[in-house]
Amino acid sequence: MAARGFALQPDQPDARLSLIHVEDLAEALALALDRPLAPGVYEIDDGHPGGYRHADMAAAAAEALGRSVRPVRIGRGAMNAVAGLNSLRPGAQILSPAKVRELYHSDWTVHETRLAEATGFAARFGLVDGFRHTISWYRQHHWL
């Protein structure tokens with residue numbers, strides 16, 4: 001969407017989420033396999049405190065693409081309507097009522113750093129660099 005100049009996002013300007021580039025995630029998992037960790041649930045992200053807002057992602061995509069990207073906020077009612085229509089179609093749908101609940105959850109941020117601390121993991125990709133790398137990969141594979 002950003003390549004076309006817009007970014008659809010939930011109309012929830014204060015919602016936050018943590019992100020991690022796939023190569024950083026693979027490195028974190030490899031480090032975790034090499035070290036004995038106490039059993040438990042671990043969280044990992046790119047280390048950006050407090051995560052990102054949807055607007056931050058649109059701005060990073062714009063910077064990485066070198067073009068202007070206009071955020072377009074979509075209300076939950078409209079998303080629910082589309083998800084409801086999708087649920088009438090056969091097969092799996094990308095936008096389902098369950099996905100709408102996920103999209104409008106206000107806090108998908110990492111709240112602890114035990115895995116990074118235990119493994120010495122440090123992300124190589126920040127938000128803009130991650131977008132640049134991903135966009136480059138998409139272009140190389142003619143997906144963008």
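No lab work stands behind these numbers, since they all come straight from the coordinates. Source: prediction; values computed, not measured. Reconstructed Cβ throughout: ideal geometry from the backbone, glycine too, with neighbour counts over all protein chains shown.
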Report the extension gain between Gln93 and Glu63 in nm, rounded to one decimal, defined as 0.36 nm multiplied by the number of residues separating them, less their alpha carbon distance. 7.8 nm
Suppose the Debye formula is applied to equal point scatterers at every Cα of the stretch 29-144; what is log10 I(q)/I(0) at q = 0.21 Å⁻¹? -1.17
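Sorting Tyr42, Tyr138 on the 10 Å Cβ count, fewest up front, what's the list?
Ranking Tyr42, Tyr138 by Cβ neighbours within 10 Å, fewest first, gives Tyr138, Tyr42.
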Tilt relative to the chain, helix 22-34 - C-alpha long axis, 0 to 90 degrees, to 10: 30
Label 7 Å along Cα→Cβ of Ala81; the stretch 1-27 residues with amide nitrogen under 17 Å? 9-11
